[in-house]
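As structure tokens, the structure follows; a few thoughts come after it.
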Amino acid sequence: MIHKQVINHRQIAWLVGSVLMTGMMISFFHTIVEVAKMDAWFSQLLPVCYAIMIAYVLSELSRAYPGKNMFEIIFIVFGKWVGGMVNLILLIYFWLIICLDIKGVSKFFQTTLLPQTPIEITLIVFVLLIMYYGKTSLEVAARVNEMYFPAFFLLSMTMYFLLGNEYSIERVEPILSSSLNRIAISNFLPIGIYGDILLFGAFLHASTHPRLFFAAMKHGVLIVGFSVTILLLILLGVMGYTIASRLNFPMFILVQQIHVTDFLDRVEIAMIGLWFPAFAIKVIVAYQAFLVGVGSFGGQAHYPVYNFPTGWLMVVSSLLIFQRIPDLEMFLSYSLPAIVMALQIPLMFILYIKARMNRKMDTQVSILEGTKLYRYYRYSVWIGATSLLTSMVTVLIGDLYLNKSEIGGIITASSFCFFFFIALIASYAEMQALNHGKQKLGKSKASGSFRQ
């Protein structure tokens, strides 16, 4: 329903984290490991930059067309008929995202936890859950996500210590032993997952501060990139690339290796208890984006009216596609990135050009130029961009000059992680500076307010 809401910058960042990170945890990692072997944990740089680029275009659209979502903007830019065709293609893409997630999680539960339960039951129950949230709004999903994603993120980051007795650095050595071509290919594969950030285009009409909106999304993307890098490093250090590349659900098997004491022998149950709600929020965001898109065709502001028929469409279509897990994994790993780039890059390029032509001054300036806070904000932006670029250069230099020596590989890996972490911290500083500046200007009563 279109009504006023309040979603702060922190919730936006964590929603981006849920949308991009939780989907990769099912079965996506083994394909990356299969391609890049011990160097699979260098696979997040290009998709992070891609997602940040999409987030920037979305923020420019929000600035140029305030109060409009992406579907409405497409109608404005392309006209009624061409815009309708473009929006229909976007709806098919969003439908594909939802069906892949629903079928993937249903197959996961059937294989690991509920082998005697028919997959139809698991799938219908999950769809009923997202239909329930389909009657609500993005604010409800953001508040629920605020309870689960931080706990899931912290527990994921502590896995290195929980698996310390199983970890061996020799399993990831020699560092940069894979060819640069394999590392480059492994950087293209996650683009299919990171392309899900386009879902937030359906909620552009909620943005009142485009610059803060972009900073929050960028911070969420970097949270995902850094977290996945660390998780891949842990996965390789515990199992090695040979075993990890042959498992359908490597992260589930990895969590099963945690044995804190004889009394904490089933930590994977707690992990799933935190992961599943965060993953459900990802599907709910995609489902609500789909409903907004359907509503844009009929000029229907009260989009939950389409909730019931859309939910059962998802049930039927999810049952029919990808009957085997390997087929789903191959499509997710190789076909989806090509679809995402073929669809999003031309569309975002055209929309960006139109947004720049129609660009207006911010209706609400976040920070006054020339102030100390503005300089802090600018420093944060430049430090973040420089650190991310330095991470890329580090991998290139390490592959060209230092991959012949053990100490060179260690220096490259340490530098890569350090600069990636600095980029993450700088994005947080940028987001906080914008939020503090907005509060000082008194332009909004709510922190990082959004409306929908």
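Computed quantities for the displayed model
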quantity	calculated
Residue in the stretch 34-49 that is surrounded by fewer than 24 Cβ atoms within 10 Å (Cβ to Cβ) and of a type in the set (Ser, Thr, Tyr) present	no
Close pairs (8 angstrom Cβ cut-off, 6 or more residues apart or separate chains): among the polar types (S, T, N, Q) in the stretch 204-223, assigned to a helix (DSSP H, G or I) anywhere	207/59; 207/62; 207/213
Neighbours by Cβ (under 8 Å, 6+ apart or cross-chain): first from the stretch 318-335, over 15 Å from residue 190 (Cα atoms); second in a helix (DSSP H, G or I) and among the hydroxyl-bearing types (Ser, Thr, Tyr)	318/106; 325/111
Flag if residue 19 is part of a helix (DSSP H, G or I) and either within 30 Å of residue 9 (Cα to Cα) or touching a Gly at 6+ places or on another chain (Cβ under 8 Å) (or both)	yes
Checklist (1) farther than 16 Å from residue 278 by Cα; (2) assigned to a helix (DSSP H, G or I) applied to residue 136, failing item	(2)
Any hit, the stretch 357-371, residues being in a helix (DSSP H, G or I) and within 30 Å of residue 79 (Cβ to Cβ)	yes
Counted residues, the stretch 141-190 - those being surrounded by fewer than 21 Cβ atoms within 10 Å (Cβ to Cβ), in a loop (DSSP other than H, G, I, E, B) and among the hydroxyl-bearing types (Ser, Thr, Tyr)	5
Sole residue being in a helix (DSSP H, G or I) and under 19 Å from residue 413 (Cβ atoms), chosen from 234, 223, 197, 193	234
Hey, residue 100 under 21 Å from the mean Cα position of the chain (by Cα) and assigned to a helix (DSSP H, G or I) or not	yes
Test for residue 40: is it within 30 Å of residue 253 (Cβ to Cβ), within 21 Å of the chain's Cα centre (by Cα) and in a helix (DSSP H, G or I)	yes
Members of the stretch 60-96 that are among the basic types (Lys, Arg) and not in a loop (DSSP other than H, G, I, E, B)	63, 80
Flag for residue 127 being of a type outside the set (Ser, Thr, Tyr) and under 30 Å from residue 308 (Cα atoms)	yes
Residue that is farthest from the chain's Cα centre (by Cα) [pool: residues in the stretch 386-416 that are free of Cβ contacts under 8 Å to residues at least 12 places away in the same chain and under 30 Å from residue 436 (Cβ atoms)]	386
Output for the stretch 318-347, where each listed residue is exposed (fewer than 14 other Cβ atoms within 10 Å of the Cβ), within 18 Å of residue 193 (Cβ to Cβ) and charged (D, E, K, R)	327
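The rows are residues; the columns are (1) modelled with pLDDT under 90; (2) under 25 Å from residue 103 (Cα atoms); (3) not acidic (Asp, Glu).
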| residue | (1), (2), (3) |
| --- | --- |
| 120 | yes, yes, no |
| 128 | no, yes, yes |
| 135 | yes, yes, yes |
| 152 | yes, yes, yes |
| 159 | yes, no, yes |
| 165 | yes, no, yes |
| 173 | yes, no, no |
| 176 | yes, no, yes |
| 180 | yes, no, yes |
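The values are calculated or read from the model by the stated rules, or taken from the named source; none is laboratory data. Note that the coordinates shown come from a computational prediction; the quantities given were computed from them, not determined experimentally. We place every Cβ from the backbone using ideal geometry, glycine too, and count neighbours over all the protein chains shown.
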